[in-house]
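Enquirer: I am attaching a structure below and will ask some questions about it afterwards.
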Amino acid sequence: MHRSEEAELLTCLACGSEILPEADRVYAFGDDAALCFDCAVARGGAYDELHDRWAPAPDVGGLFQPEGPPS
């Protein structure tokens with residue numbers, strides 16, 4: 001794998017699999033967050049191929065864990 005391809009890989013926040021946004025159908029959100037297609041569908045998302053969008057969008061609640069105790 002080329003170094004430029006490695007930088008483009010994302011990790012599915014739900015299952016941990018590596019995904020390539022340019023090649024795989026993913027649900028991308030936030031700065032660098034994404035769900036693979038299977039996890040996005042499992043979380044209630046539906047991909048509308050005709051309009052090239054997720055409608056409804058998958059539920060991403062609970063995917064982010066706090067980084068430490070509140071201050």
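Enquirer: Quick check of the Kirkwood formula: for segment 3-54, what is the inverse mean of 1/r over all pairs of different Cα atoms, in Å? Before the final figure, lay out each step's value.
Expert: On the way: mean 1/r = 0.0881 Å⁻¹.
Evaluated over segment 3-54, this radius sits at 11.4 Å.
Enquirer: Report the net charge of residues surrounding P58, where surrounding means a beta-carbon distance below 11 angstrom and charges are Lys +1, Arg +1, Asp -1, Glu -1. Write down the numbers at each step before the final one.
Expert: On the way: positive: R43; negative: D38, D59.
Value of the local net charge: -1.
Enquirer: Right, something else. For D38, what is the net charge nearby, where nearby means another residue's Cβ is under 15 Å from its Cβ and Lys, Arg count +1, Asp, Glu -1? Don't skip to the end; give the middle numbers.
Expert: Details: positive: R25, R43; negative: E18, D24, D59.
Here the count lands on -1.
We did not get these values from a lab; they are worked out from the coordinates using the rules stated. Quick caveat: nothing in here was measured; it's all calculated off a predicted structure. Virtual Cβ from ideal backbone geometry, glycine too; neighbours counted across all protein chains shown.
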